[in-house]
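Take a look at the structure set out below.
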Amino acid sequence: MNTHQKKLEEANQALRQAVAQLHFDPHKPAFHAHAPANWMNDPNGLVYYNDEYHLFYQHNPFVPKQWERGTIHWGHMKSKDLVHWEHLPIALAPSEDYDRDGCFSGGAVIHDGKLYLFYTSNIFTVPPGLPDDLLQQQCVAVSVDGVHFDKSELNPVIKHPPAGIGQDNHFRDPNVFFHEGTWYMLVGNRLGDNGKILLYRSRDLLQWEYVKVFGESSGDMGYMWECPDFFSMNGKDMLAFSPQGIGWPDQPNISGYYLGRLNNETLDFSHGEFHKLDHGFDFYAPQSFTDGKGRRILFGWMRMPRNADKQWAGSMTLPRELRVTGDRLTIHPVEELTLLRQQQATVSDVRLRQDVKTTLPSIKGICIELLCKFDLTNTDAAEFGLEIRSSLNGDQKTVITYSKEHNTITLDRNQSGDYVSGTRVLEMQRLSDELELHIFLDTSMMEMFINKGEYVMSGWLFPDPGNENIVFFSHGGNTTVKSVDCWGLKL
């Protein structure tokens, strides 16, 4: 048994013990993909391999805390339908001199039937207790069965960015893709307070040469660009990433994308404006992949509040299908989520009276899918919306409010229970005759897809377990609700 295998066994044993000690927690997600216990963060290595979906993720199998030196591994699960997940043994553990302080985020590709995982290795270069400084390098591990991985003897395959181009202590999150007969790798980087993404190329996935700076901040897009993800759809090219330090006070940790065009000769990427992938609270570090149906599927990390006292921490979002519509992406819950649906309740043609709170028969629940359609042409209210996971007396609730005058949606968590607070305001760009809110609730999570995927808002909620009421309201006039469909979801 080599060093890596020993470290993997230690980690898997610690995780088994943590699972055995779990107590019932009504806030633990029921149908979102999450670790069996302890810490989870970024999705890694998303890939469709041997007719199954593989989801790797940053994982501390020892405690439900973010990370300490040597604790970040790659957890692993797989699924045949993106809904029902099977946990597999931990895939990567810090075990070598070059990655002793953590196996950080990266991606996966398939080559010659083998599954290649690319990850960032970490070595802290100062003693514990001093301000963190570290050496980050890019590494690869290979599997012939999709479960057991051998680290390459050539690791690290990229030791540092070119001098004067980037810093080696912020050099991470390799994203590998095949384009025009060549393998390319994007790596997130910074130089001073300037975020960058560097481009490398290879013929064999092991020997890499630096090509150029693929993208960088112009001074207003943050000091570090994490989790790059490049892909093409419908003749257009997309670069998704997570800029740190972008300086938006309403949402300091954001993720988004540029839509543009890659010049195949110069490898210059020209693009339009930056668009957020999620306008809610807790979405970060997304990664996408192409599945066997040709769809582009994205997962993001739902980061829990730091003060949440749980035996688990973090979850993936629901799987989201990306589509190109004009000069934007639209984002949709994958169709396989309908497999969770059980009993359905439908109510049509409801008139919400001014300042009268309305509940609808059978429209309630803790783990539900909710599809609401509002008729804006027959609505004279200044604002309307709904309260989800509301208590009987209304002292706990999460409030979703649409302002007809400003064409905005506000998500208010100030009465959503423990650990969370604050509001997010989404300014929509296009007026329409109908507002559609497609909402998934899962014990302590909500994801809302707006107007057929034009926008998404997500966040953690920690209400009392019995709060299941859905309350509709209308202010400054009356509101017409075309229809409300509610499905209970199989746990």
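Values quoted throughout were computed directly from the atomic coordinates according to the rules given, and no laboratory measurement underlies them. These figures come from a predicted structure and were not determined experimentally. Neighbour counts run over all protein chains shown; Cβ positions are idealised from the backbone, glycine included.
Less than 5 angstrom separates the built amide H of residue 157 from those of 138, 139, 140, all sequence-distant by 5 or more or on a different chain. Note on the range 337-489: dipole from Cβ charges, positive end direction compared against 382, 416, 470; the farthest Cα belongs to 470. Rounded to the nearest angstrom and listed largest first, the equivalent-ellipsoid semi-axes of the range 219-265 from its Cα gyration tensor are 24, 11, 9. If you add up the charges near residue 234, with Lys and Arg at +1 and Asp and Glu at -1, over every other residue whose beta carbon is less than 14 angstrom from its beta carbon, what do you get? Spelling it out: positives minus negatives among the neighbours equals +3. Here the relative contact order of the chain, from alpha carbon pairs under 8 Å that lie six or more residues apart, stands at 13 percent.
Taking θ as phi - 60° and the Karplus parameters 6.51, -1.76 and 1.60, the scalar couplings of the range 367-382 work out to 10, 9, 10, 10, 10, 10, 10, 10, 8, 7, 6, 10, 10, 10, 5, 6 Hz in sequence order, x denoting glycine and proline. Between residue 51 and residue 421, the simple spin-label model (points 7 angstrom out along Cα→Cβ) gives 5.3 nm. Annotation note: GluC sites (Glu not before Pro) in the range 266-362 located in DSSP loop regions with a Cβ neighbour count of at most 13 within 10 Å are 273.
Considering the chain, its Cα convex hull presents a mean projected area of 22.9 nm². The trypsin sites (Lys or Arg not before Pro) of the range 194-259 that meet both conditions, a loop assignment by DSSP and at most 12 other Cβ atoms within 10 Å of the site Cβ, are 203. Bridging of residue 490 to lysines at a Cα separation below 27 Å is possible for 28, 78, 80, 293, 310, 364, 373, 397, 452, 482, once same-chain residues fewer than 8 apart are set aside.
Residues 404, 310 in ascending order of nearby Cβ atoms (within 10 Å, fewest first): 310, 404. Label-to-label distance, residue 482 versus residue 406, with points set 7 angstrom from Cα along the beta-carbon direction: 2.6 nm. The modelled label-to-label distance between residue 362 and residue 100, using points 7 Å beyond Cα along the C-beta direction, is 6.3 nm. The loop-placed GluC sites (Glu not before Pro) in the range 66-117, going by DSSP, that have at most 16 neighbouring Cβ atoms within 10 Å of their Cβ come out as 68. Computed extension gain for residue 346 through residue 201, at 0.36 nm per residue and net of the alpha carbon distance, reaches 46.8 nm. Listed by chain and number, the lysines whose C-alpha is less than 27 Å from the C-alpha of residue 159, apart from same-chain residues fewer than 8 away, are 6, 7, 114, 151, 196, 212. Counting neighbouring beta carbons within 10 Å and listing from fewest to most, the residues 85, 208, 460 come out as 85, 208, 460. In the chain, helices alone account for a calculated mean residue ellipticity at 222 nm of -1000 deg cm²/dmol, with every DSSP H run of four or more residues adding -39,500 (n - 2.57). As a calculated quantity, the FRET efficiency between residue 373 and residue 2 at R0 = 60 Å, using C-beta atoms, amounts to about 0.55.
Each Lys and Arg Cβ is given +1 and each Asp and Glu Cβ -1; about its Cα centre, the range 1-110 then shows a dipole of about 220 debye. Derived scalar couplings between HN and Hα for the range 352-365 equal 8, 7, 4, 6, 10, 6, 10, 10, 10, x, 6, 9, 6, x Hz in order, rounded to whole Hz, by the Karplus curve 6.51 cos²θ - 1.76 cosθ + 1.60 (θ = phi - 60°), x for Gly and Pro.
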